[in-house]
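Q: Okay, handing you the structure first.
Just so it is clear, none of the values below were taken in a lab; they were calculated from the coordinates. Keep in mind that what you see is a predicted model, and the values were worked out from it rather than measured. Here Cβ is always computed from backbone atoms with ideal geometry, including for glycine, and neighbour counts include all displayed protein chains.
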Amino acid sequence: MVGYVPKIVPWISPRGRDRRLVLRLDGTSTIPPFEQLRAQLAVMVATGLLEPGSRLPPIRSMAEHCDLAPGTVARAYRELELDGVAEGRGRSGTFVVDEPPESAQLDERRRQVDLAAGEFAFRMRQLGVSPPTAIDAIQAALAQPEDGPIG
């Protein structure tokens, strides 16, 4: 690892969509590579890019894409676990915890979700839609691609 080189790591979102993590690792930095990786992943969790329940890329895959030793990635993941950001689930992998610590963005997102759900329920009642029909409608909407709101 020589100098600053962005690394692209394929990743699958909790919704099953192919995504990419862009990591910026600097081989000339005095900051150890495991800490650079840990810090960037922690920021991705705090900003919501890595959502609660997201599975982190497997250690070997992350190591290969970042030109790091597997032990370096494993240490970064262990540090995330110690920070309360991630949890190891044995052979299933390492996952972002449901309630990451110090996550104001998650609190705001939770507030926004509650607000949107309330608005949806209010509108369904105005339309005279039964709860089962409203649930079917929202499940169909959530099954649509993530490309944006439905017309």
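Q: Please give the contour-minus-distance gain from Ala117 to Gln144: 0.36 nm per residue of separation, less the Cα-Cα distance, rounded to one decimal in nm.
A: 8.0 nm
Q: Now, a different point. If you fit an axis through the alpha-carbon atoms of helix 131-142 and take the longest principal axis of the Cα set of the chain, what angle between them do you get, 0 to 90°, nearest 10?
A: So the inclination is approximately 40 degrees.
Q: Quick one: compute the contact order of region 4-96, relative version, from alpha carbon pairs under 8 angstrom and 6+ residues apart, as a percent.
A: Normalised by residue count, the contact order of region 4-96 is 27 percent.
Q: Now a separate question. If I model a spin label as a point 7 Å beyond the Cα along the Cα-Cβ vector, how far apart are those points for Asp18 and Arg91 in nm?
A: 2.7
Q: In degrees, nearest 10, range 0 to 90: what is the angle between the Cα axis of helix 33-46 and the longest Cα principal axis of the chain?
A: 10
Q: Here's a follow-up. Using Cα atoms only, what is the angle between the long axis of helix 104-127 and the major principal axis of the chain, expressed in degrees (0 to 90) to the nearest 10?
A: Helix 104-127 sits at roughly 20 degrees to that axis.
Q: Determine the gain in length on full extension of the stretch Glu51-Val129; use 0.36 nm per residue of separation and subtract their C-alpha separation, reporting nm with one decimal.
A: Roughly 24.9 nm would be gained on extension.
Q: Would you work out the charge dipole size for region 4-96 about its Cα centre, treating the Cβ of every Lys and Arg as +1 and the Cβ of every Asp and Glu as -1, and quote it to the nearest 20 debye?
A: About 340 debye.
Q: Scanning the chain for trypsin sites (Lys or Arg not before Pro) in DSSP loops with at most 16 other Cβ atoms within 10 Å, what's the longest stretch left with none?
A: Longest gap between qualifying sites, sites excluded: 18-88.
Q: Next question, about the same structure. Between the DSSP loop rule and a limit of at most 13 other Cβ atoms within 10 Å, which GluC sites (Glu not before Pro) in region 6-87 are left?
A: Loop-located and lightly packed - none at all.
Q: Also: What spacing in nm lies between the two simple spin-label points modelled at Ala39 and Asp136, each 7 Å away from Cα in the Cβ direction?
A: 5.3
Q: Which Cα, out of Val129, Met62, Gly48, lies furthest along the positive dipole direction of the chain (beta carbon charges, K/R +1, D/E -1)?
A: The one lying farthest along the dipole's positive direction is Met62.
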